[in-house]
Every structure is written in C-alpha cells, then in structure tokens.
Amino acid sequence: MSLYVKQYLSADKPNLVLLHGWGMSSDVWGAFAETLADHFSLTLIDLPGLGRSTVYPSPYTMKSVIEQLAKHVPEKASWLGWSMGGQIAVEFAATYPQKVEKLITVASNPCFVQRDDWSCAVEES
C-alpha cells in the first residue's frame, strides 16, 4: 500500500509532519503549509482511504495506519495533527517515540467515537 506524500524538503530546516483530519486531505493545510515551509522541512500525508491515498489497509486499524505512516516519514520530526490526525499523531508518538521530537495537536479529541464514558465524540454508526 502506498500513501500520497507531498514534501517541501530543506536540509537546513527541522522536519515537521502534518496530518489532516477525518474526511479531508493534506490540501486542507493550504497556505498554512506554504508559510510553514519557510521554517520547516515538511511532510504532508493523505491518510489511508482519504484524499489521494485511496487504498487502505484491511483491517483498517490504528496499528495498521501507524505502520504505514512509519514507512513515509523522516527518521526524526515534530508532528502536527488536526482532529483525527492529532489522535493518530499521539498514537504514532506512543508507538515510535524515537521518531517524534515534538507533538502538537489541534482540536483533537482523546476519543473519536462515543462510548459510555466519553459522549463528546461521533456516534459509532
């Protein structure tokens, strides 16, 4: 499986990985990514099954998504995840702490799907 990855690389700038939210693509970063590219070497990824990453692992689990991301990111980077992308970035950091220098989450719910002890999320259906 291959993910769509767009990079703005610069050897003299620190690495930053950007992960978008549910139902979006890396295009959501738009002009913000262009501004960040002045200061960072960027890796933007369309998450599996979203945007131009039309293929996804089966079963589609957090573990399988993390494994795919690990194949496409720099050895060491800061991570910025928005919404579901933030949840994935947190899980990536827990799985591959040696690859994550800093972690930033924006509007990321600790639990994406509702459960008995967490009603502030989307319904499972």
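List the aspartates and glutamates whose alpha-carbon lies under 19 Å from that of LYS6, not counting same-chain residues fewer than 8 positions away?
Excluding near neighbours in sequence, the set is ASP27, GLU34, ASP38, ASP46, GLU67, GLU75.
Sort out for me the Cα centre separation of segment 3-29 from segment 62-109, rounded to whole Å.
The distance from the Cα centre of segment 3-29 to that of segment 62-109 comes to 12 Å.
Which number comes out as Rg/Rh for segment 1-62 once both Rg and the Kirkwood Rh are worked out on C-alpha atoms?
1.02
Within segment 32-125, which chymotrypsin sites (Phe, Trp or Tyr not before Pro) sit in a loop by DSSP and count at most 13 neighbouring Cβ atoms inside 10 Å?
TYR60
Which of the aspartates and glutamates could a cross-linker span from LYS63 if the Cα-Cα distance has to be under 14 Å and same-chain partners fewer than 8 positions apart are dropped?
In chain and number order, the partners are GLU91.
Over the Cα atoms of the chain, compute the convex hull volume and normalise it per residue, giving Å³.
Convex hull volume per residue, Cα atoms: 107 Å³.
Quickly work out the ALA107-to-LYS71 label distance, labels modelled 7 Å from Cα along the C-beta direction, and quote it in nm with one decimal.
3.1
Got a sec? How would HIS39, HIS72 order by Cβ neighbour count within 10 Å, fewest to most? Working shown, then result.
Details: HIS39 11, HIS72 15.
Exposure proxy ranking, most exposed first: HIS39, HIS72.
Could you tell me the convex hull volume per residue, in Å³, taken over the Cα atoms of segment 67-125? Before the final figure, lay out each step's value.
Values: hull volume 5.5 nm³, N = 59.
Hull volume over Cα atoms, normalised by residue count, gives 93 Å³.
Just rank CYS120, CYS111, fewest to most, by other beta-carbon atoms within 10 angstrom.
Taking fewest neighbouring Cβ atoms as first place, the list is CYS120, CYS111.
Helix-only estimate, please: 222 nm mean residue ellipticity of the chain, summing -39500 (n - 2.57) across DSSP H runs of length 4 or more and dividing by its residues, to the nearest 500.
-6500 deg cm²/dmol
Give me the dipole magnitude in Debye, nearest 20, for segment 5-106 about the Cα centre, with unit charges on the beta carbon: positive for Lys and Arg, negative for Asp and Glu. Mind dumping the intermediate values first?
Details: 8 positive and 9 negative charges, 40 e Å.
Computed charge dipole of segment 5-106: roughly 200 debye.
Could you tell me what fraction of 2.2 N^0.38 Å the Cα radius of gyration of segment 56-96 comes to, as a two-decimal ratio?
Details: Rg = 10.0 Å, N = 41, 2.2 N^0.38 = 9.0 Å.
Dividing the Cα radius of gyration by 2.2 N^0.38 Å gives 1.11.
Read the figures in this text as sums done on the coordinates, not as results from a lab. No experiment lies behind these values; they were computed from the predicted model shown. Heads up, the Cβs are rebuilt from the backbone with ideal geometry, glycines too, and the neighbour counts pull from every protein chain shown.
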